[in-house]
Every structure is written in C-alpha cells, then in structure tokens.
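Accompanying notes for the structure given below.
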Amino acid sequence: MNNLFCSITPDTARQILDEIAEDLGKDIHARQQMGQASPSVWPGLNNLWKAVGTENPSSRDLIASLAKFTRNLVAAVPENQTKALYVSQSAGSGFPANWFE
C-alpha cells in the first residue's frame, strides 16, 4: 500500500480511498477482511496519516478521504478499532488528536 501511494497523485489517492471507503461502509465482511489481511493495511495507513500531516492546507480533500476510509475501516469491527488506536499511538499522533472523541 505504501509503495502504491508514493507513485500516484493526491487526486488519484483520494479517488481510490473514496471508492474503497464506500465499499467498506457497506460491507462489514470487507472491513473484517481488510483489517486482517496480509500484508497488513495498518502500516500503510499509518504512513498515509503521517504524510498528510506534513502536507500543506491544500490537501484537505485528501485528508477528508483518508478520514472516511479510516472511519469505515473501523466501523463495527472492534479488532480494527484496536489496531487503529495502536497505530495512532505508535505513530506519535498519526491521527488527529480528536479522532476518537
């Protein structure tokens, strides 16, 4: 996942995230599978959050797409919620501070 997003434009990344987020929002089994997949989605997700945190304010659309993707990935899947929190903590605030409020 990390290599994929390094070689595409922010607009393309946003479109990919939006499409996957839509599918994840509709299908709990897809969320479960993605959360447990190998290779793991979590390191790449962590890297994406770190990357958008260093971008300029014009990346707001990409941040919104990444937030939707993350929200849908963890929805109603406690294992994914735990992994997302672990990734957030290990990243040194890779997620926005108020993400889970």
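The values are calculated or read from the model by the stated rules, or taken from the named source; none is laboratory data. Keep in mind that what you see is a predicted model, and the values were worked out from it rather than measured. Positions of Cβ are backbone-derived with ideal geometry, glycine not excepted, and every protein chain shown enters the neighbour counts.
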- Of the conditions (1) surrounded by 15 or more Cβ atoms within 10 Å (Cβ to Cβ); (2) at pLDDT below 85, Leu66 fails just one. Which one is it? (2)
- Message: Among the residues that make up the stretch 11-26, is at least one of them surrounded by 18 or more Cβ atoms within 10 Å (Cβ to Cβ), of a type outside the set (A, V, I, L, M) and closer than 16 Å to Ala64 by Cα?
- Response: yes
